[in-house]
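S.K.: After the structure tokens below, expect a handful of questions from me.
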Amino acid sequence: MKCRYLAVVAAALLTTPALGAAITTDAFDQLQQNVWYLKTADKAADIYVTSVGNGSPVVFLHGGPGNDFNYFIDALKPHTSKYKFIVFDQRGSLLSPVPDAKVKDLTLQQLVDDLETLRIATGQDKLVLLGHSFGTYLALSYYIQHPDHVAGLVLAGSFAPSGKLQDAIKAMRPRQAALTARPEVAAEVRAENLPADPAQDTPEQSSMRWRITRFAPIDVVHIDRWRQVQGGNVYYKEAVDDAIGDSMPADMNILTALKAHPIPITIIQGDQDYLDPSASAWSAIAPRAPSVQVKVLPQAGHYGWVDAPDEFSKDLDDGLRRATAAR
């Protein structure tokens, strides 16, 4: 018995990872294993931070405001052998909550300050920032305030580099309305055999209908891929969005910062992205900003990695390579 026991122990030791070695390559397991909390500089919140992958560090900034980071993990998976993606829920979001009474006091400036706190805590002199949607606005805001600490930006589903915020929102609403009104949206509802009368929906069907008719259409061109459009709903806090949105400056313009501190910026935009279709605003400044590269995804919306996964992955790899080479 003793000999058999020792043999089993020896076999187990031979197959057990060495201390400090990666225990798993599964993205979900890595996200769970690598969690830590970052106390904000003002001591008002704890930021939920984790990471996935191995290699050169890249900080991901999620959309919203008030969303969380999980919806973008599938877009990161093809690149985890080259990069360590540091992901976190921004202050006030799902896993980095603040007391209800403090939500109204949330500001964009706090998020910029939190990103600087994260940079210091992770020992990085220059950050490579990958942002999506509102995360691109946060990345640009951080770059304007801390240009010496940014090596490069990769922006997917990006806000325009300059202009009035209210004008951007005003232009965005009819684009979203047109996307939700497409006949293929109603066809997908029928394909899922949902009741003709929404009042007859079960709770599960009601959630499915919302995802098909309200959430996925504004984010993807290929509505039949609606199950891949993650985020929103329980992952989104509208009050946080309202508070931070109200604090955002009326105008955005990165040209001054880009002229004084040029860095590689890669834009990955769907040709039907409701924020800035085909990145027309970025394309307009590209002749004056040679470090800016614009990648347009055909037949793609705000979630480009769902509509055009291969093209998005290639463009993301190119953008990350440019940004990390400048570190």
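The values are calculated or read from the model by the stated rules, or taken from the named source; none is laboratory data. It should be emphasised that the depicted structure is a prediction, and the values quoted were computed from it without experimental measurement. Because the Cβ atoms are built from the backbone with ideal geometry, glycine has one as well, and the counts that use them run over all protein chains shown. Side chains are part of the model used for accessible areas, which takes the heavy atoms of the whole protein and leaves out ligands, DNA and RNA. Shrake-Rupley method; radii C 1.70, N 1.55, O 1.52, S 1.80 Å.
S.K.: Counting just the residues of segment 178-207 that are more than 23 Å from the chain's Cα centre (by Cα) and within 19 Å of ASP273 (Cβ to Cβ), which one comes out least open to solvent (accessible area, probe 1.4 Å)?
M.R.: VAL185
S.K.: What are the residues in segment 74-96 that are part of a loop (DSSP other than H, G, I, E, B) and either open to solvent by less than 70 Å² (accessible area, probe 1.4 Å) or free of Cβ contacts under 8 Å to residues at least 40 places away in the same chain (or both), if any?
M.R.: Initial filter on segment 74-96 (part of a loop (DSSP other than H, G, I, E, B)): 80-82, 89-96.
Answer for segment 74-96, where residues must be part of a loop (DSSP other than H, G, I, E, B) and either open to solvent by less than 70 Å² (accessible area, probe 1.4 Å) or free of Cβ contacts under 8 Å to residues at least 40 places away in the same chain (or both): THR80, SER81, ASP89, GLN90, ARG91, GLY92, SER93, LEU94, LEU95, SER96.
S.K.: Now, a different point. Might you check whether a residue that is touching a Phe, Trp or Tyr at 6+ places or on another chain (Cβ under 8 Å) and either buried (at least 20 other Cβ atoms within 10 Å of the Cβ) or in a loop (DSSP other than H, G, I, E, B) (or both) occurs anywhere in segment 142-151?
M.R.: Yes, because at least one residue in segment 142-151 is touching a Phe, Trp or Tyr at 6+ places or on another chain (Cβ under 8 Å) and either buried (at least 20 other Cβ atoms within 10 Å of the Cβ) or in a loop (DSSP other than H, G, I, E, B) (or both).
S.K.: Let me spell it out: the conditions are (1) modelled with pLDDT of 95 or more; (2) in a loop (DSSP other than H, G, I, E, B), and ALA22 meets all of them except one. Which number is the exception?
M.R.: (1)
S.K.: Cβ-Cβ below 9 Å, separation at least six or inter-chain, first residue in segment 120-135 and in a strand (DSSP E or B) and open to solvent by less than 60 Å² (accessible area, probe 1.4 Å), second modelled with pLDDT under 95 and not polar (S, T, N, Q): which pairs?
M.R.: LEU127/ARG327; VAL128/ALA326; VAL128/ARG327
S.K.: Report every pair of residues separated by at least 6 positions or lying on different chains whose Cβ atoms are under 6 Å apart, first residue within segment 151-171 and under 17 Å from GLY270 (Cα atoms), second in a strand (DSSP E or B) and open to solvent by less than 40 Å² (accessible area, probe 1.4 Å).
M.R.: These pairs meet every condition: VAL154/LEU130; VAL154/THR266; LEU155/GLY131; LEU155/ILE267; ALA156/HIS132; ALA156/ILE268; GLY157/HIS132; SER158/ILE267.
S.K.: Could you tell me which residue of segment 87-110 is nearest to LEU76 (Cα to Cα), considering only residues that are touching a Lys or Arg at 6+ places or on another chain (Cβ under 8 Å) and among the small types (Gly, Ala, Ser)?
M.R.: Within segment 87-110, the first condition is being touching a Lys or Arg at 6+ places or on another chain (Cβ under 8 Å), and the residues that meet it are 92-94, 98, 103, 106, 110.
So of that shortlist, the ones also among the small types (Gly, Ala, Ser) come out as 92-93.
Numbers: GLY92: 23, SER93: 20 Å.
Within segment 87-110, the match that is nearest to LEU76 (Cα to Cα) is SER93.
S.K.: From the list VAL112, VAL103, exactly one residue is free of Cβ contacts under 8 Å to residues at least 40 places away in the same chain, outside any strand (DSSP E or B), aliphatic (A, V, I, L, M) and closer than 19 Å to PRO249 by Cα. Which is it? I'd like the intermediate steps shown before the answer.
M.R.: Values: VAL103 fails: free of Cβ contacts under 8 Å to residues at least 40 places away in the same chain.
Within the list VAL112, VAL103, the selection yields VAL112.
S.K.: Among the listed residues LEU255, LEU316, which satisfies the condition of being of a type in the set (A, V, I, L, M, F, W, C), surrounded by fewer than 16 Cβ atoms within 10 Å (Cβ to Cβ) and either farther than 14 Å from ASP219 by Cβ or out of contact with any strand residue (DSSP E or B) (no Cβ under 7 Å at 6 or more places or on another chain) (or both)? First the steps, then the outcome.
M.R.: On the way: LEU316 fails: surrounded by fewer than 16 Cβ atoms within 10 Å (Cβ to Cβ).
That would be LEU255, the only listed residue that is of a type in the set (A, V, I, L, M, F, W, C), surrounded by fewer than 16 Cβ atoms within 10 Å (Cβ to Cβ) and either farther than 14 Å from ASP219 by Cβ or out of contact with any strand residue (DSSP E or B) (no Cβ under 7 Å at 6 or more places or on another chain) (or both).
S.K.: Of VAL296, VAL306, VAL229, which residue is open to solvent by 10 Å² or more (accessible area, probe 1.4 Å), of a type in the set (Val, Ile, Thr) and within 20 Å of the chain's Cα centre (by Cα)? Give the derivation first.
M.R.: Details: VAL306 fails: open to solvent by 10 Å² or more (accessible area, probe 1.4 Å); VAL229 fails: open to solvent by 10 Å² or more (accessible area, probe 1.4 Å).
It is VAL296.
S.K.: Of the residues that sit in segment 87-117 and are closer than 24 Å to ASP317 by Cα and hydrophobic (A, V, I, L, M, F, W, C), which one is farthest from the chain's Cα centre (by Cα)?
M.R.: We begin by selecting, within segment 87-117, every residue closer than 24 Å to ASP317 by Cα; these are 87-89, 115.
Filter once more, keeping what is hydrophobic (A, V, I, L, M, F, W, C): 87-88, 115.
Numbers: VAL87: 9, PHE88: 10, LEU115: 14 Å.
Of everything passing the filter in segment 87-117, LEU115 is farthest from the chain's Cα centre (by Cα).
S.K.: Can you tell me which residue within segment 275-293, out of those that are of a type outside the set (Asp, Glu) and crowded, with 22+ Cβ neighbours inside 10 Å, is farthest from ALA177 (Cα to Cα)? Walk me through it before giving the result.
M.R.: Of segment 275-293, the ones of a type outside the set (Asp, Glu) are 275, 277-293.
When the remaining residues are screened for being crowded, with 22+ Cβ neighbours inside 10 Å, the result is 275, 279, 282, 292.
Values: LEU275: 13, ALA279: 19, TRP282: 23, VAL292: 30 Å.
Per the criteria, the residue is VAL292.
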